[in-house]
Amino acid sequence: MSLIKFNWIRVRKLIYFIRNNPVATTFIIILILGIFLPMRCPTFKGYSYLSFSEIKDDLQMCLVTRRPPDFKLCPLVSLDLAPFKDVNRIVNETSLKELPKKLKILPGGRWYPKNCSSWQRVAIIVPYRNREAHLKIFLQHMHPFLQAQQLDYGIFLIEQSEKHDFNRGKLFNIGFLEATKEPDFCCFIFHDVDLLPQSPQHTYGCSEEPRHMCSALDAFRYVLPYPELFGGVVAFTKEQFSTVNGFSNLYFGWGGEDDDLYERLNAKRMKVRRYAPYISRYTALFHKKEVPNPNRHELLKKGKERMEVDGLSTLDYKILSSDFHPLYTRILVDVDPK
């Protein structure tokens with residue numbers, strides 16, 4: 001009885017302290033979280049991943065038609081690449097303008113190695129609106145990054161007009177269909193403009209299963225918050241993306257389309273592939289939080305039911321302009337031309 005009374009006294013003292021010292025209490029909570037969150041194991045939520053030595057057997061090969069006279073295949077994974085590299089967030093405008101000539105980038109942001117044939121042709125699809133500062137950092141970082149891996153690639157910027165709320169999923173679908181109009185693109189990486197890979201060893205290619213590429217994000221202390229997270233940067237082969245009918249076209253505003261896509265994978269019994277956290281590290285560029293989609297939860301409830309009639313098969317859009325820029329292909333679209 002005395003022990004219970006003693007504990008109750010301690011509880012009352014704690015409640016009194018919290019009520020009368022809100023600032024100190026908040027500081028203590030933040031301090032505790034700052035100490036213990038980094039100690040969480042990357043597998044805390046129970047997901048599996050591939051190590052660097054296993055990547056070579058996981059990547060899918062699809063030969064392209066561009067072959068030099070003395071044809072040989074580029075290595076699937078380069079062992080010479082550094083395991084980690086800092087992301088430069090400061091744009092050198094002069095260097096950025098000289099980048100196409102320096103790196104011999106073709107119009108429209110295309111490039112392929114001249115001394116070997118890449119094992120995949122990769123389309124980097126970026127949904128975009130009013131993020132010029134992020135775009136410059138993205139281009140400055142990604143072109144040298146992709147060339148170091150000897151990839152045959154193209155960067156597609158799918159820009160949405162100002163007429164409607166932003167529809168990220170639909171822009172990805174549009175980018176996929178427009179990129180497939182060119183021959184040989186067989187791997188499609190759907191990439192937010194504010195996320196940048198930190199490990200050059202993180203090969204930008206497609207796997208046996210759809211791949212969640214940015215599973216270790218600095219904003220989450222390089223820990224996957226929950227196993228169902230499937231956004232930011234994801235990679236699909238043409239067949240994989242077509243099987244799930246792409247993204248939903250209905251998510252106007254922020255949030256929901258990634259969770260919807262994950263449910264489509266479940267419906268088709270497709271698993272998510274992830275690489276080890278020390279490989280799949282990304283840094284996020286700061287931006288103001290977007291306005292959430294108020295209907296996202298209701299849309300998610302019936303996502304599986306409508307996946308066959310909501311996606312690539314029912315995509316409606318209008319191209320307002322299409323231009324080859326020195327570092328990317330810009331396609332300006334109206335996502336709801338009614």
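The values are calculated or read from the model by the stated rules, or taken from the named source; none is laboratory data. Nothing here was measured: the structure is a model prediction, and the numbers come from that model. With ideal geometry, Cβ positions are generated from the backbone for all residues, glycine too; neighbour counts draw on all protein chains shown. Just the protein is used for accessible areas: all its heavy atoms, side chains included, with ligands, DNA and RNA removed. Shrake-Rupley method; radii C 1.70, N 1.55, O 1.52, S 1.80 Å.
What order do you get for 239-250, 76-87 when each peptide is scored by the mean count of other beta carbon atoms within 10 Å, highest first?
Result, highest mean first: 239-250, 76-87.
Which entry in (i) 22.4; (ii) 17.0; (iii) 21.1 matches mean projected area of the Cα convex hull in nm² derived from the coordinates of this structure?
(i)
To the nearest 20 debye, what charge dipole does the chain have about its Cα centre, counting +1 at the Cβ of each Lys and Arg and -1 at the Cβ of each Asp and Glu?
So the dipole magnitude of the chain works out to roughly 1100 debye.
What is the percent carbon and sulfur in the accessible area of the chain, measuring with a 1.4 Å probe over the protein chains and ignoring ligands?
That share works out to 58 percent.
So in the chain, what percent of DSSP beta bridges are antiparallel if you round to the nearest 5?
So the antiparallel bridges amount to about 45 percent of the total.
May I ask you to order 275-282, 253-260 by the average number of other C-beta atoms within 10 Å around their residues, highest value first?
The packing order, highest mean first, is 275-282, 253-260.
Where does the range 60-215 land on Rg(C-alpha)/(2.2 N^0.38 Å)?
Dividing the Cα Rg of the range 60-215 by 2.2 N^0.38 Å gives 1.04.
Does anything in the range 257-289 have its amide N under 20 Å from the 7 Å Cα→Cβ label point of GLU308, and if so which residues?
Residues passing the 20 Å test: 260-270.
Of the candidates VAL91, VAL122, VAL272, which one comes out as most mobile in a Gaussian network treatment of the chain with C-alpha springs shorter than 10 Å?
In the Gaussian network model the winner is VAL91.
To test your reading of the geometry: what angle, between 0 and 90 degrees and rounded to tens, separates the Cα axis of helix 22-36 from the longest principal axis of the chain?
Between the helix axis and the principal axis of the chain, the angle is about 50 degrees.
Mind checking the angle between helix 93-103 and the chain's longest principal axis? C-alpha axes, 0 to 90 degrees, to the nearest 10.
So the inclination is approximately 50 degrees.
Per-residue ellipticity at 222 nm for the chain, helices alone: DSSP H runs ≥ 4 residues times -39500 (n - 2.57), over residue total, nearest 500 deg cm²/dmol?
Only helices count here, giving -9500 deg cm²/dmol.
Can you list the GluC sites (Glu not before Pro) in the range 121-190 that are in a DSSP coil and have 14 or fewer other beta carbons within 10 angstrom?
Answer by residue number: GLU162.
If I fit a long axis through the Cα atoms of helix 2-20 and take the longest principal axis of the Cα atoms of the chain, what angle between them do I get, 0 to 90°, rounded to 10?
For 2-20 against the chain, the angle is about 60 degrees.
Would you look at the GNM of the chain, springs on alpha carbons closer than 10 Å, and say which of HIS212, HIS134, HIS325 moves the most?
For the chain, modelled as a Gaussian network with Cα springs under 10 Å, the answer is HIS325.
Give the Rg (one decimal place) followed by the Dmax (whole number) of the range 195-276, computed from C-alpha coordinates and expressed in Å.
Reported Rg and Dmax, both Å: 12.8, 36.
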